[in-house]
Amino acid sequence: MGFAGLLLLAAGPAQAEKADRLMPLNIVSEKGGSVDVANQRTEFLGDVVLSRGSLLLRAERIDLRETGDGYYQANASGKTGKQVSFRQARDVPGEAIEGFADALEYDTRSDSVRFLGNAVVRRTQGNRVADEVTGAIIVYNNRSEVFTAEGGNASPHPSGRVRVVLMPRGAAAAAEAPSSASAASAASSGVPAASAVPLQPSLTLPQRKPL
């Protein structure tokens, strides 16, 4: 198994869109689905779109289960050549979290997303990628804005490692701007500069909750 680590990409008030937690969960699909009333499970097939406020999840198949206390757990899978995609706005104007993986698990109780297989998760500012994490498994907690990444055979990295790309920010980004064509392009497009973001290493992964 490859390296496991934890990255705190935001702190304080800069959290995922808090209003999303109060929004209803909506699902539409191209091929409809089947309903298992006894087990409170519904399967949706064909270009499935799950939305909840600014949260948008796209997959080829989604298996949705409702818990006894009213929360939802969703298993999403893609198909050959088309991964599952996820996007959610942050409370910081113009920023969002987006990710791609072969499969995905979304839990409304913990408000967390688990990306499984060839996973890539990014923090974006407008059209610019501010941070990027790749690995075999990436767990993103919407409430704490913590990413937990694990390497392995299913990592996009050739050696199976976790890979993190952090763009210059704050004073460092300003210092690089005169000699960086990409920074100049971002400045001319009106993309706001990022604030300093702390990173905290860890060697523990959260335990997976059974569906």
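The values are calculated or read from the model by the stated rules, or taken from the named source; none is laboratory data. Just so it is clear, the structure is predicted and the values come from calculations on it, not from any experiment. Note: ideal-geometry Cβ built from the backbone for every residue, glycine included; neighbour counts use all protein chains shown. Note: areas computed on protein heavy atoms with side chains; ligands, DNA, RNA excluded. Shrake-Rupley method; radii C 1.70, N 1.55, O 1.52, S 1.80 Å.
Tabulated data for the structure shown
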{"quantity": "Residue match in the stretch 57-77 (condition: open to solvent by less than 50 Å² (accessible area, probe 1.4 Å) and touching a helix residue (DSSP H, G or I) at 6+ places or on another chain (Cβ under 9 Å))", "calculated": "no"}
{"quantity": "Qualifying positions in the stretch 104-117 - farther than 19 Å from ARG21 by Cβ and either surrounded by fewer than 18 Cβ atoms within 10 Å (Cβ to Cβ) or touching a Phe, Trp or Tyr at 6+ places or on another chain (Cβ under 8 Å) (or both)", "calculated": "PHE115"}
{"quantity": "Residue within the stretch 168-177 that is out of contact with any Lys or Arg (no Cβ under 8 Å at 6 or more places or on another chain), farther than 26 Å from ARG58 by Cα and modelled with pLDDT of 65 or more present", "calculated": "yes"}
{"quantity": "Residues of the stretch 132-145 satisfying the condition of being crowded, with 22+ Cβ neighbours inside 10 Å and assigned to a strand (DSSP E or B)", "calculated": "VAL133, THR134, GLY135, ALA136, ILE137, ILE138, VAL139, TYR140"}
{"quantity": "Filter pass, SER159 being open to solvent by less than 60 Å² (accessible area, probe 1.4 Å), modelled with pLDDT of 55 or more and under 30 Å from GLY117 (Cβ atoms)", "calculated": "no"}
{"quantity": "Of all residues making up the stretch 83-130, the number that are in contact with an Asp or Glu (Cβ under 7 Å, 6 or more places away or on another chain) and of a type in the set (D, E, K, R)", "calculated": "6"}
{"quantity": "Count - residues of the stretch 88-102 that are open to solvent by 30 Å² or more (accessible area, probe 1.4 Å) and either under 17 Å from GLY117 (Cα atoms) or β-branched (Val, Ile, Thr) (or both)", "calculated": "4"}
{"quantity": "Residue within the stretch 179-189 that is open to solvent by less than 40 Å² (accessible area, probe 1.4 Å), among the hydrophobic types (A, V, I, L, M, F, W, C), at pLDDT below 90 and outside any loop (DSSP other than H, G, I, E, B) present", "calculated": "yes"}
{"quantity": "Strands (runs of 3 or more DSSP E) fully within the stretch 40-87 counting 1 or more residues that are on the phi > 0 side of the Ramachandran plot", "calculated": "41-52"}
{"quantity": "Sole residue being of a type outside the set (Gly, Ala, Ser) and modelled with pLDDT of 95 or more, chosen from LEU104, LEU6", "calculated": "LEU104"}
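Results for (1) β-branched (Val, Ile, Thr); (2) modelled with pLDDT under 90; (3) in contact with a strand residue (DSSP E or B) (Cβ under 8 Å, 6 or more places away or on another chain), shown as yes or no for each residue.
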site	(1), (2), (3)
GLY94	no, no, yes
VAL113	yes, no, yes
ILE138	yes, no, yes
VAL146	yes, yes, yes
